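Below you'll find the structure, written out as C-alpha cells, and then a few comments.
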Amino acid sequence: MRAWLMYHDRDFDRAQEPPWNGTALTRDLALDTLLAAMAGRDALVFEMAQKGLLLGSGNPPDTIRYRQAVLRDCLQNAPVVTAIYALADEAIISRKKHWWWSLSSHYPDSILHGAVDLLQTLVGLLRRLREIGRAETGRVESQGFTRLFTSLDQELSDDYLASIQAHLGELKFRQGVLMSARLGDRNEGTNYVLRQPDGPGPGLLDRLLGRGPAAYTFRIDERDEAGARALAALRGRGINDVANALAQAADHVLSFFDSLRAELAFYLGGVHLHDRLVERGLPTVFPALAPAGRRQYECRALYDVSLALSLDRQIVGNDLDASGRDLLVVTGANQGGKSSFLRSVGLAQLMLQCGLFVGAAAFTGEPCPAVVTHCRREEDRTMTSGKLDEELARISEIADHVVPGALVLFNESFAATNEREGSEIAKQTVRALLNKGIRIVYVTHLYAFAHEMFATGGDAVLCLRAERLADGTRTFRMVEGKPLETSYGEDLYREVFGAGPEERDAAMASSSASTDDGADVQADRAGPRG
C-alpha cells in the first residue's frame, strides 16, 4: 500500500534537505508567519508545510495539478481528512504503546510478542480506514484520493483481514511452539523450522486430566534457571525467522501510516490557511498554469498573504498583466507598498509551485525551477566587511546556483553605496541575469538604474510605480508608470514632524529675521541646512 498523495508515482521524501537559499527565502518572504498559520500547534504540519513550500520549485505542471486536485478534495471534505489524519496519528502512537519495550530487545520471543500486538492494532486501524474510504469514494474527485480508497477496498477485503487476525492469534502460541530440528556436529541442533500444529491442541481439561502425550517429553523444575534459559533459547531459535518477518510486516504497515500522516499534514496546512484567509474575507484561487516559456503572468487582487495574516484590517491587492515581460522595475513613494508587492509575487510563485492556492482573486502563471531573493539586510555587527561587499557576495552565490527560467526578486539591492555606483552594479547584474533567461522583479530607489531600464528595455521591461495621490496619500497599489526622480520622502517628514523641510527652513528663517540682525540672517541662509 502507498499513500501517494503528493506525487502520482512515489511517496514524499521527508529526508530531503532544504534548498541552498531556504533561510533567505524564509526571511525575505516572511514565511514563518505563513507557516504558523498553516500549522497551528502541530509540529508535523509545520514541517511538511515548510518542506512543501521550500522544495516545490521545479515541480512539473502534472505534479502541481495533481496536488491542486487533492487539496480541492481536502477543502470540500475537511472533517474526513482530519479524521484520517487522526487515525494515522493513532497508528504511530500505537507503535510506542505496544512495541517500545521490544524494539531494543535481542530476544525473538519479545520481538514476536510486540509485533503481534502491534499488528493486531494496526489491522483494526486499516479496517477503519477502509470503511472511511468506502463511504467517501463517491465524494472525492482527485486521482490521489480515488486511488488510495480504491486500493484499500481491493486489498483489504473482509476475508483477508479475518485471515490476518487468525494468523496473529496462532502466533501467540498459546498451545506451545511446535518445531522440528536436525542433529548437527557434536549433536547440536540445526535447521530449526517452525511447524504448524495439525489441530487446535488439547484443551485445559485434557491437559489436566488426560494422559500424557505419545512422545518423549521432559519437564524442567521450577527452580532450574539454567534449564529455563536453555528452553527459552531453543524456543527463540524456532520462532526467530517468524519474529523477524512479523516485525518487518509491522514496519511496512507503519511506514504506510507514517507516509499517509505526513502527506496529509501538508494538505491540512492548506486547509488551515484557507480557513484563516476566508475568515478575513480575502480571496484565494488555484492558479491556472501557463505553458513553460510563454512568459504569461496575469493576476487580479494579488496580495501579500503573510502581511494579511499579520494585520487586523483589510489588505489592498494589485492587478497586474506582466505577460511577455522579463523584468519588472518597481519604484515610487516611500512606504507605498513596494516591498509588500514584491513578497506577494514571491509567495504566489512558491505557493503555485507546491500545489497550493494563491492569495489573489485570479492568477495565471507558469512554473519555474527556482525562486531566489536578494534583499537589503540590516547592519550586522558580526560582519567582517562592508554591506556592499556582503551584497556582492550574495550575488555571487546566486550566480553559482540560479538556472534559466528562475525568478529572482531584488529589494533595494546595492543601496549601500552611492547612486551612480549602485546603479551601475544593478545594471550589470540585471543584464547578465536576463541574458541567461532569468525573470526579475526589482524594487529600487536607484533612479539612474530604473530610468535606463525604462529607456532601453523595450517591451521586455515593465515599470511599475507605487501610487501616490496628489495629497500624498498612499493607495498601496502598483500602477504602470515611468520612474520618477523623487520617492516623496518629504511626505514622511510631514507625517512625523508636521511640516516639510522647506516649510521648516522658511519658518526658521522668518523667526531669525525678526529677532537677529541682518548679518546673522544672511549667514543662516547661506550656510548648510540640517
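The values are calculated or read from the model by the stated rules, or taken from the named source; none is laboratory data. Quick caveat, the model's predicted, so the values are computed rather than measured. Positions of Cβ are generated from backbone atoms using ideal geometry, with glycine treated the same way; all protein chains shown enter the neighbour counts.
The table below gives the values:
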item	result
Residue that is surrounded by the fewest Cβ atoms within 10 Å (Cβ to Cβ) [pool: residues in the stretch 8-56 that are in a loop (DSSP other than H, G, I, E, B) and of a type in the set (D, E, K, R)]	Arg41
Filtered residues of the stretch 127-158 (kept if in contact (Cβ under 8 Å) with a residue 40 or more places away in the chain and aromatic (Phe, Trp, Tyr))	Phe145
Residue in the stretch 318-333 that is closer than 24 Å to Gly52 by Cβ and either free of Cβ contacts under 8 Å to residues at least 60 places away in the same chain or not aliphatic (A, V, I, L, M) (or both) present	no
Identity of the residue in the stretch 334-380, among the basic types (Lys, Arg) and surrounded by 22 or more Cβ atoms within 10 Å (Cβ to Cβ), that ends up nearest to Arg27 (Cα to Cα)	Arg343
Pairs, first outside the structural domain of Gln349 (by TED's automatic domain parsing) and farther than 12 Å from Phe286 by Cβ in the stretch 59-88, second of a type in the set (Asp, Glu) and at pLDDT 95 or above, C-beta under 8 Å, six or more apart	Asp73/Glu141; Val81/Asp73; Ala88/Asp258
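Condition check ((1) at pLDDT below 75; (2) surrounded by 10 or more Cβ atoms within 10 Å (Cβ to Cβ); (3) in contact with a strand residue (DSSP E or B) (Cβ under 6 Å, 6 or more places away or on another chain); (4) part of a loop (DSSP other than H, G, I, E, B)) across all residues:
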position: Ala181; (1), (2), (3), (4): no, yes, yes, no
position: Val193; (1), (2), (3), (4): no, yes, yes, no
position: Gly199; (1), (2), (3), (4): yes, no, no, yes
position: Arg207; (1), (2), (3), (4): yes, yes, no, no
position: Arg211; (1), (2), (3), (4): yes, no, no, yes
position: Ala215; (1), (2), (3), (4): yes, no, no, yes
position: Phe218; (1), (2), (3), (4): yes, no, no, yes
position: Asp221; (1), (2), (3), (4): no, no, no, yes
